[in-house]
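One structure below.
Here, each number is a calculation from the coordinates, and none is a lab measurement. As the structure is a computational prediction, the values presented were derived from the model and not from experiment. Cβ: placed from backbone, ideal geometry, glycine included. Neighbour counts: every protein chain shown.
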There are 2 protein chains.
Amino acid sequence: MSNDLASVEVSVSPAEKFEEYLRSQGMQFTATRRIVLEEVFSDHEHFDADQLVERLSHRKDGRRVGRATVYRALNSMVEAGLLRKVARANDREVYEHDYGYPQHDHLICTKTGEMIEFRNDVIRELIEKVAAEHGFQVTGHRLEVYGLSKEAHEPPKRRHSMLDRI
Amino acid sequence: MSNDLASVEVSVSPAEKFEEYLRSQGMQFTATRRIVLEEVFSDHEHFDADQLVERLSHRKDGRRVGRATVYRALNSMVEAGLLRKVARANDREVYEHDYGYPQHDHLICTKTGEMIEFRNDVIRELIEKVAAEHGFQVTGHRLEVYGLSKEAHEPPKRRHSMLDRI
DNA sequence: CTACCTGCAAAAAGTTTGCAGGACA
DNA sequence: TGTCCTGCAAACTTTTTGCAGGTAG
């Protein structure tokens, strides 16, 4: 009774949820951690640790955060249920929002690196069903579909290409 | 007409397929590479680079292979279509046979690390369908279902022996 | 004042690469 | 003989950790 339409219980903001988690761990919701949180939730794009470090390292204002701190904050946010590691690209873990955002999977273009989100409840149900058949208790999953996005395999226009339509 | 029951065209042995690939790349099917290949195909278990290096590094007979060579061979075997990277465990890439072996996915126990293989064609078809809806051309996928295996979440019962009869 | 944080630099861990000597054709 | 291979060690990459000084309560 809680597996479908995960876009629920968003009555609490990411900041509140993070604070709650940190408190529960005897940690503090410091100004620095708030900066990282805000940067992370400033948009819905996928990102990796390095990109975030980049965005938070050299800034004029006092909002710069060191590499180690960013990594530590990311790990905390994953544990807090705010983020989830969604895939791996260029040998880096890719993160995305996992709070107040419906679960979904990805089509990953092996040529452009583009990641297309999709959601399919039947696949989700089948995963549960298969797991159940094995007495396996599911806590999550990661489905990465590799291939070529429309832009990547559909020749930029004319140029006829070998592959055109089926 | 070639997506189902991938247990086909196994008319060529892994060795032959590897040799063919290497030749096509201007590379040689050396004795060392054969040793790696044989070790890899000596059983159907999942393995990571380190385990293979371990098995091939200190041996009495002349069949020892260095770490760098093992890594290079693994990469070649993946490119040759003999192996595929199947998941990631303990920060290591996990490999499995991808030749003459049907495609499948995995239930991964987050407590014991156990990996249970399963195969579900409906999920497979749905992935194709979803991809098609996005104009995405699938070349492969990776589905890792995380959770607790039967052994991990079902208390060991009394002390009867884990495994007794089914 | 004590406990927790932060940034830096160093350390880990997995994988790749440069190189000198060896093997294959 | 010339090219490809191999093993070693060094290099690289991403992520983690030790530590000294700083901050929150």
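Could you tell me the extents of the protein assembly as shown's C-alpha atoms along the three principal axes, largest first, rounded to whole Å?
If we take the Cα atoms of the protein assembly as shown, the spans are 70, 60, 41 Å.
Apply the Karplus curve 6.51 cos²θ - 1.76 cosθ + 1.60, θ = phi - 60°, to the phi angles in the stretch B:41-54 and return the couplings in whole Hz, x for Gly and Pro.
Coupling constants for the stretch B:41-54: 8, 6, 7, 9, 6, 6, 7, 10, 3, 5, 5, 5, 4, 4 Hz.
Out of all DSSP beta bridges with both ends in the stretch A:14-165, state the antiparallel percent to the nearest 5. Walk me through the numbers before you get to the answer.
Details: 12 of 16 bridges.
Here the share of antiparallel DSSP bridges comes out near 75 percent.
Rounded to the nearest 20 debye, what is the charge dipole size of chain B about its Cα centre when +1 sits on each Lys and Arg Cβ and -1 on each Asp and Glu Cβ?
Working: 25 positive and 29 negative charges, 149 e Å.
Roughly 720 debye, rounded to the nearest 20.
Once amide H atoms are placed 1.01 Å from N in the peptide plane, what residues at a sequence separation of 5 or more from B:Phe29, or on another chain, have their amide H within under 5 Å of its amide H?
Under 5 Å from the amide H of B:Phe29 lies no amide H from a residue far enough along the sequence or on another chain.
Quick one: 3J(HN,Hα) in Hz for the stretch B:75-87, Karplus 6.51/-1.76/1.60 with θ = phi - 60°, rounded, Gly and Pro as x.
These are the phi-based 3J(HN,Hα) values: 4, 5, 5, 5, 5, 7, x, 8, 10, 9, 7, 10, 5 Hz.
Residue by residue through the stretch B:118-123, what is 3J(HN,Hα) from phi via Karplus (6.51 cos²θ - 1.76 cosθ + 1.60, θ = phi - 60°)? Round to whole Hz and write x for glycine and proline.
Here the 3J(HN,Hα) series is 8, 9, 9, 5, 5, 4 Hz.
Amide H of A:Ala87 versus every other amide H placed in the peptide plane: which residues, excluding those fewer than 5 positions away on the same chain, fall under 5 Å?
Sorted by chain and number, the residues that satisfy this are A:Val94.
Would you please give the FRET efficiency between A:His134 and A:His46, computed as 1/(1 + (r/R0)^6) with r the Cβ-Cβ distance and R0 = 25 Å, to the nearest 0.05? Don't jump to the answer; show the numbers that get you there.
Working: r = 31 Å, r/R0 = 1.23.
My answer for the efficiency is 0.25.
Regarding chain B, what is the average projected area of its C-alpha convex hull, in nm²? Don't skip to the answer; put the middle values down first.
Details: hull surface 54.8 nm².
Average of the hull's projected areas for chain B equals 13.7 nm².
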